[in-house]
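This report concerns only the one structure given below.
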Amino acid sequence: MNERKWRIPSQIIRLFQAVGRASLLYDIQDSHSGNMALKHRDKKGREQLIITASGSQKGDLEPQHLCALSPNKTDFGYYKASSETDIHSRILNLKGINASLHAHTKDLVIATLDPERKPNHPAPFIPADPLGYQALGIIPVDWFRVPSGSPEMIQKIPQRLKDHSATVIQGHGVMTRARTLQEAFFLACVANNSGYIFRLLEKHGVEIEPLRKKIVSDSYSCFSFPAPYTLQDDHSCDFSHEEELVKEFQKTGARIFESRLSPFHTGSFSLRGVKTMFYAPKASMPRELGGPLLEKSLEKKNSDGYEEKIHKEIYSQSNFQTAMHCYIPEAEVLTHISPPGTNSPPDRLVPVDAEGSFFYLVIPILSSPPEMDSFLQLLHDYKVVIVRGGGVWAVGEQSLSEVLHHPSSVREICLYRLGARERGLDLGKMEPAKAKKW
Amino acid sequence: MPSEYGFYGTLLEINLTEGKINQKKLTPDLIENYLGGRGLATRILYENIDPSCDPLGEHNVLVIATSPLLKTKAPTACRGHMVFKSPLTGMLGSSNCGGTWASRLKSTGYDALMIKGKASQPVQVDIQREKTEIRPAAEVWGKDVHQTTDILSSQKNSSPSPGILTIGPAGENLCLYSAVMNDKNRAYGRSGPGAVFGSKNLKAITVTGKMSPPLKDKERFQSGLDQALYMMKAAPITKRLLRELGTSGLLKLIHLMDMLPHQNFQDNLHNMKELDKISGETLRESILERVGACYGCPVACQTHTRVGEKKGEGPEYETLVMIGPNCGIYNLKAVALANYRCNELGLDTISLGGTLACAMELYEKGILDKKTTGGIPLNFGNESLLPRLVDLIAYRKAFGEKLAEGSFRLASDFHHPELSMTIKKMEIPAYDPRSSFTQALGYMTSPTGACHLRGGYAVSLAFFGGTKEIPRFSIQQSPLAIRNMQNLGIIQDSLGICRFTGFAFSTEPWARMMSGATGMDFSTSQLQKISHRIASMERAFNLQAGLKEEDDCLPDRFSHESIGVEGKDKLISPELIQRMRRDYYQSRGWSPKGKLSTLIRADLQLNKRYT
Ligand code: SF4
């Protein structure tokens, strides 16, 4: 079956293929799991529901694996379409919703399992990280006797998604709805990231319930919230004449995503020019999906978002040429784990691996929201700072590659430290003595 | 004597006209604001000179400064920095050198040395803690650098042995690109300091001493030192490459990057087989005897070589290319012998190569002929001419009189200044600016004229900067990238450390070592601020010396004759030059015309006198 027969525009096919591949890379699908759907108007103005075919491999979608259906009456396309098409079609009928995505977000699924006798009403999931809490708020969790395409699901899930951007099908996965397919994917990634953070916190003995209570009662004292997800054209580029820079930006964005330094379309990075800065507001950008590449005046404006403001602040007070912000889940977890022999949250991350401890004797940790002067001073002195509830910030003297190296190292340092803890090694002994008084 | 941590707080002032020697106090805030080396020397110079003076006249002043890191264990911290008004450019002359002399100067108990006036007869200065003397130098005047060094060393016969800084005949004869040499073969090469020595009738400065100031916080110093050494051991360039291949190992890499100049920068086309004959690898296999190191340097990039019976140092990359392919010459031994002779006579090999290449182009274009050159067929590739030409230049004999003035004056005299590949009348080093906008802008805005060291060594950022690698044709990234690179260079020159440490790490370990040595709190951000200040200080000097915006420019060739880079034709249009220059000024906080703002002038406290 070729593309023309399914009458699906090529840019939409490419979008599905790109999201499909990215979801495999981010490990929120298995070979055949999940499905995604998009509302679309064809050339004649007729509304269509475009959805992945049943049993299709999301990492290798061919044009024939996409079905263009009538949204409100059964046609031949339904033979092939996902078994969850009816759920998607109802979700897409919600006001302002154009896309929906179902993924096997394994970390979130594990985080929302419970041992209760079924049927039951599982507790909703409260993310303990700024991305999850901001983008998803409290996520409902439902148990279904038949957890795939069943009538209860057709009824319940769209209802849940009236008020929530994501809902968990217990033991199965997440369903998200959004204005675009990219946004739906973003929500699924963020949801899984929250699940991953929860799991690590639990595994490392952090008391989660008091933390969650605090988050619900006063989230602003726990988090530095990023700017909300925006729908800029992900292929727009304000500086396409700077071919080499564009390539650098694309490479950097892809690395952030593929190396899991920040979930899809989260974080930001920039390179400063003389009067302007080149700015990627959705740092984590798989190659085929991209993200907007903007050129912004370095002048501070009242209308600047939180993220943009910090980039400008860094540049106005330093000679750094690059800045980056990533939400590294492992780093967030470590900001909640008290150092050996203490009860209070840490003010520094001490690498225990050889390379990490050489490059960074310590990495400072600040609470949210950080006080700008000390944040900038620490960036100056350490080049990288972790903000509890606010991600990892780094700066570079010259290049994007240089600034990328910091979050990349931080993730590795965190993995080693967490790993050593899991093995029950005595971290107090492993930390260099100098790091304690640094 | 005031005693501070890391430095002594003493400047030795020598007035050659009056024969007077004075000690002056250097206050700690001078170190806080200008560090040492280049920063300290430039500040002292500014306060003691009229920048509009005649560079070869009595009123030129020459300052050499050390840094608080010298005489510590900081790796490569052996370098002195010399500033003066350059006879070649008419702007700030600024030259940096390794070897051992600067460390020995610090052993005498002085942080810096200032030479004023002009002796009526050739003299040498002998500095010791107890006594400094100005002595007649009749015995060594006219002798070459090696002979002078041997004679003065044998005269002193002291322990420790003296450090000897001297000029050769090129400096005595006021060749505008003559060098001041130490350890026989290490050069304060660029900007013509040799001619300034010569114009003052100053042949040599010997230093003997055993002093070193204490460190304030040994633990802090050590933590920076540990990190620096670790990184130098980890980075292949500092660990192995420079030692095994020397800087000449860059030759093929730079060619692969389409950046290697050919025949006075007319193109970048070379035959790989020809390049093989002069590469670092060939040097190692054919003429290298042993490697060597400057004082306290674990890198050891010096190449001690031998051609037949003749021994010497080099050639380094710049010499190799400027006297080699840029003159159409691909004969390693011929270049090495010319290099040896330049060291003996005290000549800057970059400007020498650039001047010869210009003369060759003038000759091949028929602007010069045998009549004007005194019968010399100045064709590209004519390697047999090299020994004779080097001598003619140093002694200003025959056509050497013209060549000793540098390529700009030579080409201008023959009405073709456009064939001089110079910026601010100084010859462009061995990287074609069309191959990297960043490097081009660095040459343009270097305070001393075309210099890859004072202008920022962007080449490393483009080709082997590791994580710091940047695109080489970004119009908008280049101004800040080169400014940052220049700032790093200013910090390195001011701390008395080698550029090559930059291949392993940036400023953080230095900030710690500097804080540990002095007890002052130096953060990386402070070092940045200081480097900005020093850049503006240098600009202030140049503006008073008559610098104009249009002097920060490239020769026309680079705007109108393209070369192939990665399969594309590349040149740098006048509009691009103007745009990048303006952006660069803005990145420094200067006006669109390159003038200093009131704010910067206030920070520099131009009316304040530290000395
Ligand atoms: S790296 Fe080479 S030039 Fe630099 S200090 Fe060491 S030996 Fe001297």
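Please give the direction-averaged projected area of the C-alpha convex hull for the stretch A:243-437, in square nanometres with one decimal. Provide the component values of the computation, followed by the final result.
On the way: hull surface 44.3 nm².
Averaged projected area of the stretch A:243-437's Cα convex hull equals 11.1 nm².
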query: What is the helix-to-structure angle for A:208-217, meaning the angle in degrees between its Cα long axis and the longest Cα principal axis of chain A, kept from 0 to 90 and rounded to the nearest 10?
result: 80
field: In nm, spacing of pseudo-spin labels at B:E47 and B:K131 (7 Å Cα→C-beta vector)
entry: 3.0
message: Treating chain B as a set of equal point scatterers at the Cα positions, no solvent, please give the Debye-formula log₁₀ I(q)/I(0) at q = 0.09, 0.11, 0.12 Å⁻¹.
response: -0.63, -1.00, -1.22
- request: Of the options A:P329, A:V387, A:M430, report the single residue whose Cα projects farthest towards the positive end of the charge dipole of the stretch A:292-438 (beta-carbon charges: Lys, Arg +1; Asp, Glu -1).
  value: A:M430
query: Over the C-alpha atoms of chain A, what are the Rg and the largest Cα-to-Cα span, Dmax, in Å?
result: 22.3, 71
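For the stretch B:219-427, how big is the tail of P(r) above 31 Å, as a whole percent of Cα pairs?
Numbers: 5486 of 21736 pairs.
Percentage above 31 Å: 25.
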field: Percent of Cα pairs exceeding the 56 Å cut-off, where the set is the protein assembly as shown
entry: 25
message: Once R0 is set to 22 Å, what does the formula 1/(1 + (r/R0)^6) return for the Cβ-Cβ distance between A:Q155 and A:N72, expressed as a FRET efficiency to the nearest 0.05?
response: 0.80
field: Cα→Cβ-extended label distance, 7 Å offset, between A:D233 and A:K95, nm
entry: 2.9
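Identify the GluC sites (Glu not before Pro) of the stretch A:261-307 meeting these criteria: DSSP loop state and at most 16 other C-beta atoms within 10 Å of the C-beta.
Details: sites: A:E288, A:E295, A:E299, A:E307; in loops: A:E288, A:E299.
Filter output for the stretch A:261-307: A:E288, A:E299.
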query: Does anything in the stretch A:393-410 have its amide N under 18 Å from the 7 Å Cα→Cβ label point of A:E258, and if so which residues?
result: A:400-409
field: Label-point gap, in nm, between B:L599 and A:D163 - each point 7 angstrom along Cα→Cβ
entry: 5.2
query: Given charges of +1 on the Cβ of Lys and Arg and -1 on the Cβ of Asp and Glu, with all other atoms neutral, how large is the dipole of chain B about its Cα centre, in debye to the nearest 20?
result: 1180
query: Taking 0.36 nm per residue of separation and subtracting the Cα-Cα distance, what length does fully extending B:K156 through B:D217 add?
result: 18.3 nm
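Please find the FRET efficiency linking A:Q64 to A:H121, where r is the Cβ-Cβ separation and R0 is fixed at 45 Å, and quote it to the nearest 0.05. Write out the running numbers ahead of the final one.
Details: r = 41 Å, r/R0 = 0.91.
The formula returns an efficiency of 0.65 here.
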statement: Loop-resident trypsin sites (Lys or Arg not before Pro) in the stretch B:115-221 with no more than 10 other Cβ atoms inside 10 Å, DSSP not H/G/I/E/B, are B:K131
field: 5 Å-binned pair-distance histogram of the stretch B:433-604 (Cα, whole percent)
entry: 1, 8, 17, 21, 19, 15, 10, 5, 2, 1, 0
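What is the average number of partner chain Cβ atoms found within 10 Å of a Cβ in A:388-400? Mind showing how you got there, number by number?
Numbers: counts 0, 0, 0, 0, 0, 0, 0, 0, 4, 12, 16, 10, 6.
Across the residues of A:388-400, the mean count of other-chain Cβ atoms within 10 Å is 4.
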task: Give the Debye-formula value of log10 I(q)/I(0) at each listed q (0.18 Å⁻¹), with one equal scatterer per alpha carbon of the stretch A:9-154, two decimals each.
output: -1.17
field: DSSP bridge orientation in the protein assembly as shown - percent antiparallel, rounded to nearest 5
entry: 85
Largest-first principal axis extents, alpha carbons of the stretch A:158-304, Å: 49, 31, 30
Under 21 Å from the Cα of B:K273 - lysines, other chains or at least 8 residues apart: B:K252, B:K333
- prompt: Using the Karplus equation 6.51 cos²θ - 1.76 cosθ + 1.60 (θ = phi - 60°), what ³J(HN,Hα) coupling, rounded to whole Hz, does each residue of the stretch B:296-311 give in order, writing x for Gly and Pro?
  reply: x, 10, x, 6, 6, 9, 5, 10, 9, 10, 9, 10, x, 7, 8, 10
- prompt: Which of the listed residues, B:I600, B:G9, B:I563, is farthest toward the dipole's positive end in chain B, when Lys, Arg count +1 and Asp, Glu count -1 at the beta-carbon?
  reply: B:G9
- prompt: Per-residue mean of other chain beta-carbon atoms within 10 angstrom of the beta-carbon, peptide B:479-486?
  reply: 4
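At 37 °C and 0.692 mPa s, what whole-number value in µm²/s does Stokes-Einstein give for the translational diffusion of the stretch B:327-370, with Rh from the Kirkwood sum over Cα pairs? Kindly include the intermediate steps, with their values, before the conclusion.
Numbers: Rh = 11.4 Å.
For these conditions, the coefficient is 288 µm²/s.
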query: Which one of A:R21, A:R417, A:R145 has the biggest mean-square fluctuation once chain A is modelled by GNM with Cα springs under 10 Å?
result: A:R145
- line: In this structure, the FRET efficiency calculated for A:E244 and B:K365 from their beta-carbon separation, with R0 = 35 Å, to the nearest 0.05, is 0.45
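All of the numbers you see were taken from the coordinates with simple rules; none came from a lab. Computed from a predicted model, the values in this text were never measured in an experiment. All Cβ positions, glycine included, derive from the backbone under ideal geometry; neighbour counts span all protein chains shown.
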